[in-house]
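Beneath this line is the structure, given in structure tokens, with notes to follow.
The values are calculated or read from the model by the stated rules, or taken from the named source; none is laboratory data. Bear in mind the structure is a predicted one, so any value in this text is a computation, not a measurement. Using ideal geometry, Cβ is built from the backbone for each residue, glycine included, and neighbour counts are taken over all protein chains shown. Accessible surface is based on the protein model in full, side chains and every heavy atom, while ligands, DNA and RNA are left aside. Shrake-Rupley method; radii C 1.70, N 1.55, O 1.52, S 1.80 Å.
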Amino acid sequence: MTVCVLGFWHHCFAGNETRDSLFQNTEELIKQAKEKRADLFSPEAYEDAMESYQDAVTDYEKGRNLKGIRKELKNAEDYLARAMEVCVTAEVTFATVMKARDDASVIDSEKYSPKLAHHAESTFQRSVSRLEGGDVDKARELAGEAEVLFREAELATIKQSLLGKTRRKVAHYKDLGRHNNAPKTFLKAARLLEFAEESLDKNRYNNAEAVALVKEAEYELAHTEFTHIRVGKLDEAEYSFEDVIIDMEMQLGKIAEGLGVELMFDRGVSGATWQLLDAVQALKAEGDAKDREIAVLKSKIVGLDKTVASLSKLEQDLMARKHEAEEALKRQKDAQRLNQMKIKRIREAFTPEEGKVLMDGDNIIIRLYGLSFSSGKAVIDYKYFALLAKVRDTFKEFPGCSVVIEGHTDSLGSDKVNKRLSKDRADSVRHYLIANSLVTDEKISSVGYGESKPVASNETREGRASNRRIDVVILPGRG
């Protein structure tokens, strides 16, 4: 009787079955669902699955009936299967809207264009709800609307990032109206800003032209500010046109004094300006003549060196130096061969998909193509630990080396956001390597370059993918 009771207990309650054997299949499905982003594309089914899974975990921890636990896990698996079916359709239906959504997110559209971003996200969530409910046509229609809204939010954010400060300055002088003392200069600045905005409308991803136009506009605004204030002070002091001309003559006179020229103003400021230009040209011609004299002297020195080199004692010195140089060259070649063997071993350790090993002088650069991060994130997924372990092992080839972890991004998003994100990602790699290698804390540093050091064109998707990278730079023997 006692044996039967014990057998019943072991068969019916959770206390005797290992957790791994009971939960393994469900947890593997949860992992797959997360990879498919089921929480985003099928939130209701995913939430139901997680509730059933959590109920099973709670029942197991309390040692409850195995039949009930298995039922909850079966329910969770059914919900997960349903969610992943939706994800398969979502990958096709939402392909372009997800790209637009990610592009808007990476440049913080939620912060800089909150209304547009919220409207876009709300429309996208409605599309997700329709897809999960089985209405694919309506889901596709709403996804198209959301994509347009995400792109509008992205463009508005880019404009705010590049043009916001300049827009505010232009608005300030525009509000001055007829009280603006430099209207012509201001008009140039305002037009340059308009051209910059038109340039972004045509090509938001290649914004070099817009950046250059904004810089020109900022210069003209600074010019406007100086002129506005200066003219205002002249009005307050009741300066006459004659006073202005005298002031200009005084400024030119200071330049003339430095050049040793006596200016004449009987032909006005224009005539004096030509006098200064003539003086500058004369100084330039004199400088060119001195350069030619120096070149002749250098040529003579070379000839004298050749004569001295023919002397017997110098020949002996040169032979000794040649021997020293040959020995040094031999040592250098031996070191190079050893270094080449190390580089070869390192290159063979990485597949083309994982990374590429480059040389920058004596420095070794491991460009990690196989390491990527979630959009806008700096957390290293566990699946890249094996790759980073290979990186760690390369340090053994160069005892006493120093290491610099460089983070790089593409040109999407603001300079500030990209630089911070690239630094955060470089820091994550640095922290992992410190924790898992013999290289000490002070020997590993990290730096975020943002978009400033591209290795490919940012005008293509492939180029931008190449620019989003982590470079591990090994500096041998600099410990």
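Worth a mention:
- Single residue of region 204-219 satisfying the filter (of a type outside the set (Phe, Trp, Tyr) and without any contact (Cβ under 8 Å) to a residue 40 or more places away in the chain) that is nearest to Ile107 (Cα to Cα): Ala208
- Any chance Val391 is of a type in the set (A, V, I, L, M, F, W, C) and open to solvent by 60 Å² or more (accessible area, probe 1.4 Å): no
- Qualifying residue in region 121-135 (condition: among the basic types (Lys, Arg) and crowded, with 20+ Cβ neighbours inside 10 Å): no
- Residue satisfying all of: in region 28-65; basic (Lys, Arg) and surrounded by 14 or more Cβ atoms within 10 Å (Cβ to Cβ); farthest from Lys383 (Cα to Cα) among these: Arg64
- Condition met for Leu438 (more than 30 Å from Lys159 (Cβ to Cβ) and either in contact with a Cys (Cβ under 7 Å, 6 or more places away or on another chain) or at pLDDT 90 or above (or both)): no
- Checked against (1) at pLDDT 90 or above; (2) open to solvent by 50 Å² or more (accessible area, probe 1.4 Å); (3) more than 29 Å from Thr89 (Cα to Cα); (4) of a type outside the set (Val, Ile, Thr), Gly68 meets all criteria but (2).
- Thr307 meets the conditions (1) touching an Asp or Glu at 6+ places or on another chain (Cβ under 9 Å); (2) β-branched (Val, Ile, Thr); (3) modelled with pLDDT under 90 in every case but one. The failed one is (1).
- Scan of region 439-467 for residues that are over 25 Å from Gly361 (Cβ atoms) and either outside any helix (DSSP H, G or I) or under 21 Å from the mean Cα position of the chain (by Cα) (or both), ordered by number: Ser457, Asn458, Glu459, Thr460, Arg461, Glu462, Gly463, Arg464, Ala465
- For first residues located in region 178-202 and outside any helix (DSSP H, G or I), partners that are among the aliphatic types (A, V, I, L, M) and surrounded by 14 or more Cβ atoms within 10 Å (Cβ to Cβ) and lie 6+ apart or on another chain with Cβ distances below 7 Å form the pairs Asn181/Val231; Ala182/Val231.
- When region 162-219 is limited to residues that are of a type in the set (A, V, I, L, M) and within 25 Å of Phe150 (Cβ to Cβ), the one that is surrounded by the fewest Cβ atoms within 10 Å (Cβ to Cβ) turns out to be Ala208.
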